[in-house]
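Heads up, the thing below is written out as structure tokens.
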Amino acid sequence: MINYDRILIRYGEISTKGRNRNKFIDKLRKSILSVLHDFPDIKIEASRDRMYIILNGSDGKEVSERLKSVFGIQSFSPAVKTNKKMEEMKAAALALFLKDYEEGKTFKITTKRADKTFPLNTEELNHEFGGHLLKNVPGLKVNVKKPDINVQIEIRGEAAYLSCETIQGAGGLPAGSGGKAMLMLSGGIDSPVAGYLSMKRGLDVEAVHFFSPPFTSERAKQKVIDLTEKLAGITGAVTLHIVPFTEIQQLIQQQVPQNYTMTATRRLMLRITDEIRRKNDGLAIITGESLGQVASQTLESMYAINDVTNTPILRPLITMDKSEIIEIAQRIDTHDISIRPFEDCCTVFVPASPKTKPKRDKVRHFESFVDFEPLIAKAVEGTEKMVTKPQSGKEESFEDLF
Amino acid sequence: MIYFDNSATTKPYKEVLDSYIKVSSDFFGNPSSLHGIGGQAERLLMHAREQIAQLLDVRHSEIYFTSGGTESNNLAIKGTALMHRNRGRHIITTAIEHASVRETMEQLRELGFRVTFVQPDRRGIVSVEEIEKAITSETFLVSVMHVNNEIGSIQPIKEIGQLVKKHSKIIYHVDNVQGIGKVPMDFYEANIDLCTLSAHKFHGLKGNGVLFIREGVRLSPLFSGGNQEWKQRSGTENVAGIVAMAKALRITLNNKERYLDELLSVKNYLMEELEKMEGIAVHTPDIHAAPHIINFSVKGFKAEVFVHALEEKDIYVSTTSACSSKKAAASSTLVAMGVPEKDAKSAVRISLTYENTREEAAVFIAAVKETVNRLREVMK
């Protein structure tokens, strides 16, 4: 019985990244190792245009399952390595084929001859392998356009690689290959999706959450920790900053006319996030804003809020509809956590009728009566920093219960 | 003590009891309470749900906690009937179901639904063709058990699922109380909409069960109240029992990985030895049978006499299913299979679990031989 002994990985856009290529490949290797951390026997071999995971007896199915979520992989194929003797390659091709074959299925052969010194050309190779299968499997039919099984044979300098399946990867760029940004994570449906999409483009994401006890509960905070853990499932670990926000929020309620409290609150959150970003060497801030979704997300609001910083603010969801966002949230498994019904800092103090078209100069004026700087410094100082890992939230004391 | 009545109930694992006691005393909060103590209980509930979903290879939003197999079966069947009565008035089930399905069907029949009870073959297995023949344009529910509780026959769940899939308005319920942890079954592959589990059959505690409700399937709840379990099952959650159940399922599935071969060899040994004995008829089929249930008749004796005779030797088996064994009636499964009523009345069931050993099996066989001989003397 022949078994796949390696997984061949095809890079996504890394291939176009010129001189940074090695850095990208290295990041990809790291994210693969991190999702496969409990497979001690695997080995990774990376070259300029391919990566191989040598399984050494590990469960190829489970490894494949996990690879599907790794960014920077365009596609991958479980494969076997053989020497380049025709007879051995043919035998391996047949054995692999039979693993997937059921009566009535059609096939084709795709050979790639990277080793230009190999005596047979692509066409002759296709013919040889195709003939071998047809001879040995009665009733088998070729279908070049839409085969059920595509037997891929790649003849390279050092050896030949055979596989029957190409699995779509997650695309994107390797995690952490594009610098660091702070994600404003409220606990709602949108912000985790914004975080996910940013990670997909290679950003190293750290989450910032505003916590206002006793107005918001431990459960609201736990919800955010759970969401961060889900995001950590993509890269292996995500840092979460929890900002004590009660004092500032109360002061805003006292100082700012009710219909402007929302705008002022967002501005202060942004200032604090920007400060945390600076301290942690981030280069951008990510939000889950989507144009026109709520009062704070009109163009006028964004203009008035964005006023407090020059730092690039990334809004991956800006043109998406709510239904599109929910679809992604369900796919990445954050939706059900997000809809747990706890008050967060954005919902507790919502005024009856927030301004949908706040004026920048007005909000500046209202804020000008208090010096928020020391309070901002204090909040940043008191920020709790935690590193979440997938499932790390399963409290220690709970562990033996399950 | 030799306990061979694991299909009636199993002994809870010690680790399972530990969890139950710890959760009951340290995390006693109501998951719906707003405060931290409630929050902790809610997190436990969530972890349990996630763990069970993961073990069953389904989504956690598809796991609903109930009080056990009987409630899950009632909720699945009546909930579907109440919700979808506009789809039709006809239900298909089998003649070998557990009482909690059978009696529920009877109740629905009194309410004006039509119910077809598909008969099994002589091995205690219903055929896909028979189910197909029974389907009408009025059929909205098909309910079939996975492993029969009395003789251990395995029903063609996956094949029936493929059949039902062709009829988009039919909801497919599977009673998997006896199959879980013993006979593998992929919920999605089998196209199952509703599936029943009971904790105390896999070394959890009585009073806990699961109803799997596939995403998108809607039921009318039987309990109204505080809208727990996404409104499908009101009532404060039995958090301690649920956590214990999650643990019991994990341990059971682990044991299955490690000890299924041993369990099978104990069962095969018992089957062979019983088949050799004169005056004993084994009803459990050789193939398409679960690895833990054997049903046989000791011809000429009432099963009850035999059960008590073995009990004197500290060996515990049962007559038919525990839920119906107090009635004098013959096993409905055996009667449906065409076993003569006299033999059906002398049917004994042994049901195993992973802790049972070959040595116990040998002691059991010797005891059966001795008991049969002794009773024959008396009855002469």
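The values are calculated or read from the model by the stated rules, or taken from the named source; none is laboratory data. None of the values given here were measured: they were computed from a predicted structure. Because the Cβ atoms are built from the backbone with ideal geometry, glycine has one as well, and the counts that use them run over all protein chains shown.
Residues in segment A:98-114 that are over 35 Å from the mean Cα position of the chain (by Cα) and either buried (at least 17 other Cβ atoms within 10 Å of the Cβ) or closer than 17 Å to A:SER77 by Cα (or both): 1 in all. Looking across segment A:76-110, just one residue is of a type in the set (Phe, Trp, Tyr) and in a helix (DSSP H, G or I), and that is A:PHE97. Only a single item in (1) part of a loop (DSSP other than H, G, I, E, B); (2) in contact with a Phe, Trp or Tyr (Cβ under 7 Å, 6 or more places away or on another chain); (3) among the hydroxyl-bearing types (Ser, Thr, Tyr); (4) without any contact (Cβ under 8 Å) to a residue 60 or more places away in the chain is not met by B:THR10, and it is number (4). Candidates are the residues of segment B:270-286 that are within 22 Å of the chain's Cα centre (by Cα) and part of a loop (DSSP other than H, G, I, E, B); the one that is nearest to B:LYS302 (Cα to Cα) is B:HIS283.
Go through segment A:83-137 and give me each residue that's at pLDDT 90 or above and either hydroxyl-bearing (Ser, Thr, Tyr) or in contact with a His (Cβ under 8 Å, 6 or more places away or on another chain) (or both). Correct list: A:LYS90, A:ALA93, A:LEU94, A:THR106, A:THR110, A:THR111, A:THR117, A:THR122.
Please enumerate the residues belonging to segment A:226-266 that are touching a Cys at 6+ places or on another chain (Cβ under 9 Å), in a helix (DSSP H, G or I) and crowded, with 23+ Cβ neighbours inside 10 Å. Answer for segment A:226-266, where residues must be touching a Cys at 6+ places or on another chain (Cβ under 9 Å), in a helix (DSSP H, G or I) and crowded, with 23+ Cβ neighbours inside 10 Å: A:MET262, A:THR265, A:ARG266. Of the helices (runs of 4 or more DSSP H) entirely within segment A:274-364, those holding at least 1 residues that are free of Cβ contacts under 8 Å to residues at least 40 places away in the same chain and buried (at least 18 other Cβ atoms within 10 Å of the Cβ) occupy A:299-306. Which of the residues spanning segment B:16-40 are of a type in the set (A, V, I, L, M, F, W, C) and within 11 Å of another protein chain (Cβ to nearest Cβ)? Hits for segment B:16-40 are B:VAL16, B:ILE21, B:VAL23, B:PHE27, B:LEU34, B:ILE37.
Going by the conditions given, is B:ASN227 free of Cβ contacts under 8 Å to residues at least 60 places away in the same chain, surrounded by fewer than 15 Cβ atoms within 10 Å (Cβ to Cβ) and assigned by TED's automatic domain parsing to the domain that holds B:ILE63? Yes, satisfied.
For segment B:92-116, taking the residues that are surrounded by fewer than 17 Cβ atoms within 10 Å (Cβ to Cβ) and without any contact (Cβ under 8 Å) to a residue 60 or more places away in the chain, the one that is nearest to B:LEU211 (Cα to Cα) is identified as B:GLU103.
For B:ASN86, the conditions (1) more than 14 Å from chain A (Cβ to nearest Cβ); (2) under 30 Å from B:VAL317 (Cα atoms) all hold with the exception of (2).
Considering A:GLU124, A:GLU65, the condition of being of a type outside the set (Gly, Ala, Ser), surrounded by fewer than 17 Cβ atoms within 10 Å (Cβ to Cβ) and within 31 Å of the chain's Cα centre (by Cα) is satisfied by A:GLU65 alone. Scanning segment B:287-308 for residues that are over 20 Å from B:ASN356 (Cα atoms) and either assigned to a helix (DSSP H, G or I) or of a type outside the set (Lys, Arg) (or both) yields B:ILE287, B:HIS288, B:SER297, B:VAL298, B:GLY300, B:PHE301, B:ALA303, B:GLU304, B:VAL305, B:PHE306, B:HIS308. Among the residues of segment A:206-229, which ones are without any contact (Cβ under 8 Å) to a residue 40 or more places away in the chain and away from every other protein chain (no Cβ under 14 Å)? A:ALA207, A:HIS209 - these are the residues of segment A:206-229 that are without any contact (Cβ under 8 Å) to a residue 40 or more places away in the chain and away from every other protein chain (no Cβ under 14 Å).
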